[in-house]
Amino acid sequence: MASIYQKLASLLGKRALGEPDAMEPYGRDESDLKFFPPEAVALVQSGEEIREVLHLADLDGIFVTPRGLGSGKTGGALPVKGGIVLSTERMRGIHQIDAENLLAVVEPGVVTGDLISRVEEEGLFYPPDPASLDVCSLGGNVAENAGGPRAFKYGVTREYVLGLELALMGGEGLSIGRRTVKGVTGMDLVALITGSEGTLAVISEITLKLLPRPQRVETFLAVFGDVLSAGRAVSQMIRDGHRPRTLELLDEQVVEHLAEQGKWPLPSGTAALLLVELDGEEGLEAQLLRAAQACEASGAREILVATDEARRRTLWEMRRQVSTMLGEMHRFRVAEDVAVPRAAISEMLSRLHGLAREFEVGIATYGHAGDGNLHVNVVYDEEIAAARVESLIEAIFRHALDLGGTLSGEHGIGVTKRRYMHLEQSPALLALQQKLKGAFDPRGLLNPGKLLP
Ligand SMILES: Cc1cc2nc3c(=O)[nH]c(=O)nc-3n(C[C@H](O)[C@H](O)[C@H](O)COP(=O)(O)OP(=O)(O)OC[C@H]3O[C@@H](n4cnc5c(N)ncnc54)[C@H](O)[C@@H]3O)c2cc1C
C-alpha cells in the first residue's frame, strides 16, 4: 500500500516531503514542547492544492496539521498525532492592495511584517503587529487571533479580517465574510474561524481591512524605580483617557536580564519600564507631554523620548527580543500569556511577586499592559520537580481568573493550555465547542489534540 508520502507526492511532486531529515523543522515550534515528527509534509502553493490534500487525507483517515511559519508558542502547529503537516510557507502572494476600498487580499503564508511594510509604502496601515512579525504568517495570525503592542489603540487581528477562503476536511472550498465595511448577512463565521487555531478549517486566502497610515509617531520610554508604580501609571493613563497606540511594560526581572545582556544603556536604578508610543497628526506633542506627565505623576523617574527613527527602532528591538532573551539566558523557561482586566494589572503583578517568593523561582513579566495582557515567564536554572512547576503555572492561571482574567491573551491554547480549559470554561461551553468542531470536521482529523480538552 502507498505510504502517506507517496500519496502526497502524486499530488505535489517534489513539494511533498517524506525523508526523516526533512521532517525536522516541521515537528517543532516556539513552544517548549518536544519534537513531534510528521509522517509527511505538504508544501502547498494554492487553495486548490490545500483542498486536494484535505480530500486525500479525508479519504484515507489521515490526520492533518495546518502550519504557517511555526512561531506559535502553545504547540498549535505540532503534529502531535503524526500524519501530514500542511505548510502554507510557500503561499506568499499579496494579490491585491486596494487603497480606495482600504483592503488587502493575501495568501495565508505572507509574513506579517512584509504586508505591514508593503501597505505602508502605499500610505496605508495594517495595525496588528505581533512581536514575532518577521517570523509569523498572516494565516497563523488569523488562526490564533494574534495581538501585538498596537492592540491597545487598534485592536487585534479579529478587527481586521473581513473575509476568508477556507478549505474543509474532505476538500470542499468555502468563501466566508465580505469585502464591505459593513455586512451582517448570515452568521459571523469569520469570527468563529478567527482564533479557532486551525481546528475547524484551513485558511487559503484572507481579505484584510486596512487603515490610512498615521502621519506621525512619537515614542518614549518611562523609567520607574519599581514595577508597581509602572502598573499604576498604566491604570492612571487609561483612567485619564489617554490613547497611546502602545503601552508596553517590562518588570524588574526583565530589566535585570536586559542589564545583564549589556546591550541597552538604561539609567541606574531602573527597575521597570513602560514603552509608550502615540500616533496621529494634529496635537501629537501635546498628547506626548500629557502621557509623560501621567507617568511622572505615578512615579516615573525619567522620560527618555526617542528623538529620531534610529532611537525608536532601538527601543523596539530591545522590546521585541525580550522573549528570545529570556529563553536563551536560562536552562529552563515556561512562558505563559495571561490577560486580566486593565484595572487589575498592579494586583496581578503583586500576586506574581508573591508566587515567585513562594515557589523560589524567577518570574519575569512583560507585555501589552495597556490590554492587561502579561507574558509571565517562569525562569530557573536548577532542575525543579515537574509537579512543582505545574502547580506554579496553575496558580498563575487561577490568580488571573480570580481577577476576572483569561488563560490566554494572544498565544492561544494549543497543546500546552488544553488541560486548563476547564478552569475557565464550563462543561456545557466546552461541549458546545466540541459540537461545532464536529460540524466542521466530523472525524476529528484536522489538527487533533489541540484547543479543546
Ligand atoms: C518571539 C515571539 C514573539 C511573539 N509575539 C507575539 C505577539 O506579540 N502577539 C501574538 O499574538 N503572538 C505572538 N507570538 C506567537 C506567534 O507568533 C503567533 O501565534 C502567530 O500568530 C503564529 O503564526 P505562525 O505563522 O507562526 O503560525 P504557526 O505557529 O505555524 O501556527 C499557529 C496555529 O495556527 C494554525 N494555522 C497556521 N496557518 C493556518 C492556516 N492557513 N489555516 C488554518 N490554521 C492555520 C496552526 O495549525 C496552529 O494552530 C510570538 C512568538 C514568538 C516566538
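The residue among Met91, Tyr126, Leu11 whose Cα reaches farthest toward the positive pole of the charge dipole of the range 1-152, with charges on the beta-carbon of Lys, Arg, Asp and Glu, is Leu11.
Taking 1 over the mean of 1/r across every pair of different Cα atoms in the range 191-339, what Kirkwood radius in Å do you get? Numbers along the way, then the final one.
Numbers: mean 1/r = 0.0576 Å⁻¹.
Roughly 17.4 Å, rounded to one decimal.
Panel order for Lys450, Lys435, Lys7, Lys81, by other beta carbons found within 10 Å of each beta carbon, from fewest to most: Lys435, Lys81, Lys7, Lys450. Phi angles of the range 234-243 translate, via the Karplus equation with coefficients 6.51, -1.76, 1.60 and θ = phi - 60°, into HN-Hα couplings of 4, 4, 5, 4, 5, 4, 7, x, 5, 10 Hz per residue; Gly and Pro are given as x.
Pairs with C-alpha atoms separated by more than 24 Å, drawn from the list Lys7/Lys450; Lys81/Lys417; Lys34/Lys73; Lys153/Lys209, are Lys7/Lys450. The amide H of Val338, built 1.01 Å from its N in the peptide plane, has Leu374, Val376, Gly409 as neighbours under 5 Å, considering only residues 5 or more places off or on other chains.
Take Glu165, Glu328 and order them by how many other Cβ atoms sit within 10 Å, fewest up front.
Values: Glu165 22, Glu328 11.
Fewest-to-most ranking of Glu165, Glu328: Glu328, Glu165.
Overall size of the range 94-212 from C-alpha positions, given as principal axis extents largest first: 39, 29, 26 Å. Proximity of backbone amide H atoms, modeled 1.01 Å from N, is registered between Glu302 and Val223 at under 5 Å, excluding neighbours fewer than 5 places apart on the same chain.
What you get for the chain, charging only the Cβ of Lys and Arg (+1) and of Asp and Glu (-1), is a dipole of about 800 debye around the Cα centre. The length gained by stretching the chain between Glu256 and Arg213 to full extension, at 0.36 nm per residue less their Cα-Cα distance, is 11.9 nm. Amide H to amide H distances under 5 Å link Gly163 with Arg178, Thr207, where only residues 5 or more positions off or on other chains count and H is placed in the peptide plane. Scoring 25-32, 383-390 by mean Cβ neighbours within 10 Å over their residues and listing the highest first yields 25-32, 383-390. Run the Debye formula on the Cα coordinates of the chain, all scatterers equal and no solvent, and tell me log10 I(q)/I(0) at q = 0.09 1/Å. Scattering profile of the chain, log10 relative to I(0): -0.60.
Put a dot 7 Å past the Cα of Leu432, heading toward its Cβ, do the same for Leu59, and the two dots end up 3.9 nm apart. With contributions of -39500 (n - 2.57) from each DSSP H run of at least four residues, the per-residue ellipticity at 222 nm computed over the chain stands at -10500 deg cm²/dmol.
Ranked highest first by average number of other Cβ atoms within 10 Å, how do 70-79, 145-154 line up?
In decreasing order of mean packing, 70-79, 145-154 become 70-79, 145-154.
For Asn101 and Glu19 in one chain, what is 0.36 nm times their gap in residues minus the Cα-Cα distance, to one decimal in nm? Display every interim value, and only then the final one.
Working: separation 82, 0.36 × 82 = 29.52 nm, distance 4.56 nm.
Extra length from Asn101 to Glu19 when fully extended: 25.0 nm.
With a simple spin-label model that places each label point 7 Å from the Cα along the Cα-to-Cβ direction, the separation between Leu289 and Thr180 comes to 4.6 nm.
Using the Kirkwood formula on the Cα atoms of the range 284-400, what hydrodynamic radius do you get, in angstrom to one decimal? Mind dumping the intermediate values first?
On the way: mean 1/r = 0.0616 Å⁻¹.
Across the range 284-400, the inverse of the average 1/r is 16.2 Å.
Between Ala310 and Ala439, what's the calculated FRET efficiency when r is the beta-carbon distance and R0 is 45 Å? Round to 0.05.
Working: r = 52 Å, r/R0 = 1.16.
Working from the Cβ atoms, E equals 0.30.
About its Cα centre, what dipole magnitude does the range 216-320 give when the only charges are +1 on Lys and Arg Cβ and -1 on Asp and Glu Cβ, stated in debye to the nearest 20?
100 debye
FYI, it's all coordinate maths here, none of it is from the lab. Only a predicted model underlies this, so the values are computations on that prediction, with no experimental measurement involved. As a convention, Cβ positions derive from the backbone with ideal geometry for all residues, glycine included, and neighbour counts pool all protein chains shown.
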